[in-house]
Every structure is written in structure tokens, then in C-alpha cells.
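What follows is a single structure, written as C-alpha cells, with notes after it.
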Amino acid sequence: MELKKVKGNTYYISPDFIDLGLYRLNKEQCLLIDSGFHKTVKNEIIPFMEMNNMTVKGVLCTHGHIDHAGGNNLLKMTYNAQIAAPYVENMLGENSYNMYVLSDNLRFRVFGDTIPDFSYKTDIVINPDYNDFYFLGVDFKVIKIYGHSPYQIGYITPDNVAYLGDVLLSERMIRMTKLPYIFDVGNDLASKENLKTLECDQYILSHKGVYDNIDSLIDQNIDHINSRIEILVDILRQPKCFEDYTADIVKTLGINADLRKIVYLQRTVRSYLSYFQENNLVDAYLDKNRILFIKK
Ligand SMILES: [Zn+2]
């Protein structure tokens, strides 16, 4: 792993499959934008910091997903790093119970043993009305990118470089992701569209890469979601209960699913169904005590 410069004091590092923002406070100290998985911090970030004589003074979290915030606790224990996370997103990481509540899944043990390492306490909660966030002596601008996760936010560094979390996927990731994970489809589409008003010098995506211009990528991401909406609504030409609907989506999109993937997928399918009902695309009715969904 190497330190890659974007502009001024703004850098990024690329452990396993994520690009993390790194802002240098001085020669020896930095803060990270997202931390990655717990194992990423343990196996890659801490050895990297040791090799480069650097310490992590803080973490700015975009959202509470395990691949973005899973390493927070270890950075806090190792460097006494300050953890700042957006409202609600901070609760996702506090304990597995909150995770279950917010993902509205059964308390299956599908997350394996990742949860105990994942939990962390947030030092500073970034409230939804913040447009700026002053952290460890640095003034960051806050970009509201709700949708993928309830209160996901991005950050613009003083070098006018934006770190955009999971609101956009790279072209390669779009091709690989058959049904992107979304918590609120309406908010997600609006957040993507709003990115067109940004005038940053460069943009870092978590998954992944650095871009000078994101105009065409925004459209590709919106087109991808709209194409999923079309396919998912079309499947409901015949009435279906939730379980059968999810199974049909897996088959139609050719998703290679196991139990764990299906649990995540069900959360996404519920988000799409909510969006369809909000937009009068789909109706629901009761049949022999089963809720059936049908295209309008
Ligand atoms: Zn995410």
C-alpha cells in the first residue's frame, strides 16, 4: 500500500477493495476519511502507519457500514483517534442490536464474527444541519448524500477535493453490481443528481478511484438504478409475495446468492418496494394472510 497524493494535504490509500481518504495534519499525523474493515486496519493500515512513522489522530466517517467504519474501534484503541460520524450512522456501529433494528432483518448470525470487532463509540456526532465540520483544526465542508445509508455524508477537504463515500460507483463497479445496496431509493437518486452542483477539483469514490470530473459517472449511476427499477417493477406484472419476489429478482438479474447475500438483498428489495409504493408504481393487498405486491 502506498500514499497517493491527490492535491495539497489530501491523499488516499487503497487497502483491499476500498479507497480511503487521508488528510495530512503534518508530517507525522493524519486523519482518515473512513477506516475500512476491522481486518483492514489490523493487517494493512496500522503496519502502513508504522512504516511511515505516522499516527491517525481521527476518523471522519461517511456512514456506518462495516466496510467503512469497521476499523474505527481499533484506530481509537491504537492511536486514541477521535471518531466523528453522522447522526444515525453513529448508532449503526455502536452495537449489533442497532444494526439489526436499522436493517430490519431477523437476528440471524449471518454477519458471522465481524460484529464484536465492529462496534465503536463515536466521539462527535455530525448533525444533519451542519454544512461545515471543524475537526482536528481542519475545516471540512459537508455534502449530504443520503440514500445508500440513511444519513450518509461526504466531505470536501480544504484542498477542494471531495470524498464521496458510496453515493457513486465506478464504471467497473456498476458493471459488477447487479442490484446496488440502497436504504432509500428516492433520497439516493436525489443525492446523485445533487452532485452535479459540486465544483470540486477532484473526487474520490470509496469503490473506487479518483476523478477530475464526475458528470458522466453521475448519469451512468442514475441510469443503472433506473434500469433496475424498470426490471424490478416488470417482475411484478404477476402478483408476488416478498420472498418469491426476492427469489425472482435473484434469478432475473443472475445474482450468485448465498444466505448472507439474500439477507442484505432483502433489505434492498424492501427499499425498492417502498419507493415503488411512494411513486404509485406498485400496489399491495392481502391474500390468504400474505401481502402480495402487483404492478399498477
Ligand atoms: Zn455502504
Considering Cα pairs under 8 angstrom that are at least six residues apart, work out the relative contact order of the chain and quote it in whole percent.
-> 13 percent
Any idea what the dipole of the stretch 4-225 comes to, in debye rounded to 20, about its Cα centre with Lys/Arg Cβ at +1 and Asp/Glu Cβ at -1?
-> 520 debye
Which order do peptides 239-248, 207-216 fall in by mean Cβ count within 10 Å, highest first?
-> 239-248, 207-216
Tilt of helix 242-253 relative to the longest C-alpha principal axis of the chain, in degrees (0 to 90, nearest 10)?
-> 70 degrees
Above-threshold pairs, the threshold being 22 Å between Cα atoms, out of Lys57/Lys141; Lys121/Lys192; Lys4/Lys57 | Lys121/Lys192
If you put +1 on each Lys and Arg Cβ and -1 on each Asp and Glu Cβ, how big is the dipole of the stretch 162-295 around its Cα centre, in Debye rounded to 20?
-> 700 debye
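Can you give the direction-averaged projected area of the convex hull of the alpha-carbon atoms in the stretch 168-281, in nm²? Mind dumping the intermediate values first?
On the way: hull surface 29.5 nm².
If you wrap the Cα atoms of the stretch 168-281 in a convex hull and average its projections, you get 7.4 nm².
With runs of 4+ DSSP H residues as the only contributors, calculate the mean residue ellipticity of the chain at 222 nm using -39,500 (n - 2.57) per run, divided by the residue total and rounded to the nearest 500. Intermediate results must be reported in sequence, preceding the final value.
Values: 11 runs with 104 residues, N = 296.
Theoretical 222 nm ellipticity from helices: -10000 deg cm²/dmol.
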With no solvent and one point per C-alpha, what does the Debye sum give as log10 I(q)/I(0) for the stretch 232-295 at q = 0.19, 0.20 Å⁻¹?
-> -0.70, -0.77
Using the charge dipole of the chain (Lys, Arg: +1 at Cβ; Asp, Glu: -1 at Cβ; taken about the Cα centre), state which of Leu60, Pro239, Gly21 has its Cα farthest towards the positive end.
-> Pro239
Cα pair distances of the stretch 199-265 binned at 5 Å [whole percent] | 3, 13, 18, 17, 15, 12, 10, 8, 4, 1
With the charge dipole of the chain built from beta-carbon charges (+1 for Lys and Arg, -1 for Asp and Glu) about the Cα centre, the Cα from Pro86, Leu281, Val167 projecting farthest to the positive end belongs to Leu281
What span do the alpha-carbon atoms of the chain cover on each of the three principal axes, reported in whole Å from largest to smallest?
-> 65, 40, 34
DSSP bridge orientation in the chain - percent antiparallel, rounded to nearest 5 = 70 percent
The residues Thr197, Thr78, Thr252, Thr40, sorted from fewest to most surrounding Cβ atoms within 10 Å, come out as Thr197, Thr252, Thr78, Thr40
Relative contact order for the stretch 189-271: what is it in percent, counting Cα pairs under 8 Å that are at least 6 residues apart?
-> 20 percent
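Please report, in debye to the nearest 20, how large the charge dipole of the stretch 122-199 is about its Cα centre when each Lys and Arg carries +1 at its beta carbon and each Asp and Glu carries -1 there.
Charge dipole, the stretch 122-199, about its Cα centre: 400 debye, nearest 20.
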Listed peptides 11-20, 131-140, 28-37 by packing density, highest first (mean Cβ within 10 Å) = 28-37, 11-20, 131-140
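Since every read-out is calculated from the coordinates, none of them should be taken as a lab result. Note that the coordinates shown come from a computational prediction; the quantities given were computed from them, not determined experimentally. Neighbour counts run over all protein chains shown; Cβ positions are idealised from the backbone, glycine included.
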